[in-house]
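Notes for the one structure printed next.
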Amino acid sequence: IFTDYHTAEMEHPDLLDGILGQIVTPDEDKFSALTAALATDGVFLYVPKNVVIEQPLHSFYWGDGENIAYLNHIIIWLEEGAQVTFVHESASPDNGHNAQMLHDGIVEIHVGQNGRLNFVELQSWGNNVWSFTRERAQVMGGGHLEWIFGAMGSHLTKNFSDIDLIEPGAQARMSGFYFASQNQHMDHETQQNHLAKNTSSDLLYKGALIGESRSVWQGMIYVAPGAVGTDGYQANRNLILSKQARADSIPGLEILADDVRCTHGATVGKIDEDQLFYLFSRGIPKNEAEQLIVMGFFTPIMERIPFEGVQNRLL
């Protein structure tokens with residue numbers, strides 16, 4: 001089943017009722033409560049047991065208007081052994097700061113035992129949009145989640161992304177990228193929760209900032225009592241392209257079990273002068289040289305997006 005949220009309510013009420021709000025509950029915060037109560041837009045993707053979807057699925061959410069709110073709910077539910085690749089995009093025109101809009105969203109993801117989900121989520125809101133999202137994925141035993149999140153638009157983005165590794169053998173890899181300009185503010189908070197033994201997670205977020213923009217990334221790897229054999233990694237890399245831009249990285253570990261391997265790291269820096277000099281020596285102008293370096297910085301993540309057309313548009 002691959003349909004919009006409203007149609008799912010009309011045509012699959014029993015199935016939706018058993019899934020809705022199981023992963024992100026309405027009482028998480030006021031923004032989650034607002035979306036849970038009033039959302040009529042969104043996507044519902046349900047893949048039954050052992051069904052493999054060969055072709056990638058693609059949805060696009062377009063918001064237009066002035067002084068309004070977009071509330072959407074995305075539900076992705078894979079039963080045992082199911083496999084699918086899904087790309088979801090959200091975008092709006094840039095209507096200027098005098099026509100402010102609110103986007104408030106929930107994303108709920110379930111990957112059943114031995115299931116596999118490749119999920120790409122991209123937002124390019126206009127700079128008059130204030131975006132708040134609460135997202136959480138739960139991965140069962142032997143399941144694998146590949147999650148890519150890209151943010152390029154909005155005036156302010158506040159995103160919570162959690163991964164819960166529920167049963168032994170669950171795996172998740174999360175890649176994020178953001179490009180902020182002018183006075184944009186990108187704030188990402190990630191949580192990797194290892195709740196069973198022999199689980200693994202790998203998170204990498206990369207960002208580039210120019211103008212007076214700012215980014216904040218705060219990540220946490222949590223290892224529950226008894227979750228031995230955990231392998232967790234997180235990193236945040238930032239390129240600062242102007243004197244006024246600023247990036248704050250706050251990695252964290254909370255380990256309540258023995259026999260685990262958890263590492264984290266964060267970097268904030270400017271473009272390597274040696275790389276620029278090499279490109280200058282080949283006759284490449286400064287602006288083009290900087291663009292090439294930034295493109296190379298993001299390319300390893302971009303290559304994980306399954307649509308070449310989407311890749312080219314972003315680069």
* **Sole exception among (1) over 17 Å from Asp164 (Cβ atoms); (2) part of a loop (DSSP other than H, G, I, E, B) for Gly226, by number** => (1)
* Asked: Got at least one residue in the range 12-21 being under 11 Å from Ile106 (Cα atoms) and in contact with a helix residue (DSSP H, G or I) (Cβ under 8 Å, 6 or more places away or on another chain)?
  -> yes
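Can you go through Ala257, Ala266 and tell me which one is closer than 30 Å to Ala196 by Cα, open to solvent by 40 Å² or more (accessible area, probe 1.4 Å) and of a type in the set (Gly, Ala, Ser)? Even if it seems obvious, please write down each step before you answer.
On the way: Ala257 fails: open to solvent by 40 Å² or more (accessible area, probe 1.4 Å).
Of Ala257, Ala266, the one residue that is closer than 30 Å to Ala196 by Cα, open to solvent by 40 Å² or more (accessible area, probe 1.4 Å) and of a type in the set (Gly, Ala, Ser) is Ala266.
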* Could you run through the range 135-148 and say how many residues are open to solvent by 10 Å² or more (accessible area, probe 1.4 Å) and closer than 22 Å to Arg237 by Cβ? => 1
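Restrict the check to the range 48-61 and report whether at least one residue is within 16 Å of Glu135 (Cα to Cα) and open to solvent by less than 60 Å² (accessible area, probe 1.4 Å).
Pass one, the range 48-61, residues within 16 Å of Glu135 (Cα to Cα): none.
No, that holds for no residue.
Among the residues that make up the range 218-228, is at least one of them free of Cβ contacts under 8 Å to residues at least 12 places away in the same chain and under 26 Å from Ala151 (Cα atoms)?
No, every residue in the range 218-228 fails to be free of Cβ contacts under 8 Å to residues at least 12 places away in the same chain and under 26 Å from Ala151 (Cα atoms).
Report, by residue number, each residue of the range 290-300 that is open to solvent by less than 70 Å² (accessible area, probe 1.4 Å) and without any contact (Cβ under 8 Å) to a residue 12 or more places away in the chain.
First pass over the range 290-300, keeping only residues open to solvent by less than 70 Å² (accessible area, probe 1.4 Å): 290, 293-294, 296-300.
Result: Gly296, Pro300.
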* Would the range 41-62 turn up any residue that is within 22 Å of Met101 (Cβ to Cβ) and polar (S, T, N, Q)? -> yes
* Which ones in the range 285-303 are over 28 Å from Ser175 (Cβ atoms) and either in contact with a helix residue (DSSP H, G or I) (Cβ under 8 Å, 6 or more places away or on another chain) or in a helix (DSSP H, G or I) (or both)? -> Lys286
* To do: Quick one: Ile74 ticks every box in (1) within 20 Å of Phe160 (Cβ to Cβ); (2) in a strand (DSSP E or B); (3) of a type outside the set (S, T, N, Q); (4) modelled with pLDDT under 95 except a single one, so which number is it?
  => (4)
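Residue by residue through the range 204-221, note down the ones that are outside any strand (DSSP E or B) and open to solvent by less than 30 Å² (accessible area, probe 1.4 Å). Reasoning before the result, please.
Of the range 204-221, the ones outside any strand (DSSP E or B) are 210-213.
Gly211, Ser213, listed by residue number.
Going through the range 109-122 one residue at a time, which ones are open to solvent by 10 Å² or more (accessible area, probe 1.4 Å) and under 25 Å from Ala69 (Cα atoms)?
At the first step, the residues of the range 109-122 found to be open to solvent by 10 Å² or more (accessible area, probe 1.4 Å) are 110, 113-114, 116, 118, 121.
Across the range 109-122, the qualifying residue is only Glu121.
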* **Of the criteria (1) surrounded by 15 or more Cβ atoms within 10 Å (Cβ to Cβ); (2) at pLDDT below 95, which one Ser201 fails** => (2)
* Can you find a residue in the range 274-289 that is in contact with a strand residue (DSSP E or B) (Cβ under 7 Å, 6 or more places away or on another chain) and surrounded by 11 or more Cβ atoms within 10 Å (Cβ to Cβ)? -> no
* Pair list, Cβ < 7 Å and 6+ apart or interchain, from the range 27-49 residues that are among the hydroxyl-bearing types (Ser, Thr, Tyr) to residues that are open to solvent by 50 Å² or more (accessible area, probe 1.4 Å) and assigned to a loop (DSSP other than H, G, I, E, B) -> Ser32/Pro26; Tyr46/Ile1
* Could you list, in sequence order, all residues of the range 174-187 that are modelled with pLDDT under 95 and open to solvent by 30 Å² or more (accessible area, probe 1.4 Å)? => Phe179, Ser181, Gln182, Asn183
* Structure fact -> Pairing a residue in the range 123-134 that is within 16 Å of Gly176 (Cα to Cα) and open to solvent by 30 Å² or more (accessible area, probe 1.4 Å) with any residue that is charged (D, E, K, R) and part of a strand (DSSP E or B), where Cβ atoms lie under 8 Å and the two sit 6 or more apart in sequence or on different chains, gives Ser124/Glu89
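Could you list all residues from the range 1-36 that are part of a helix (DSSP H, G or I), hydrophobic (A, V, I, L, M, F, W, C), open to solvent by 50 Å² or more (accessible area, probe 1.4 Å) and within 24 Å of Asp164 (Cα to Cα)? Let's see the steps before the verdict.
Step one: list which residues in the range 1-36 are part of a helix (DSSP H, G or I), which gives 5-11, 13-19, 30-36.
Those left that are additionally hydrophobic (A, V, I, L, M, F, W, C): 8, 10, 15-16, 19, 31, 33-34, 36.
Then drop every residue that is not open to solvent by 50 Å² or more (accessible area, probe 1.4 Å), which leaves 10, 15, 31, 34.
Correct list: Leu15, Phe31, Leu34.
The values are calculated or read from the model by the stated rules, or taken from the named source; none is laboratory data. Because the structure is predicted, anything quoted here is derived from the model rather than measured. No Cβ is skipped: glycine too gets one built from the backbone with ideal geometry, and neighbour counts run over all protein chains shown. These accessible areas exclude ligands, DNA and RNA; they are computed on the full protein's heavy atoms, side chains included. Shrake-Rupley method; radii C 1.70, N 1.55, O 1.52, S 1.80 Å.
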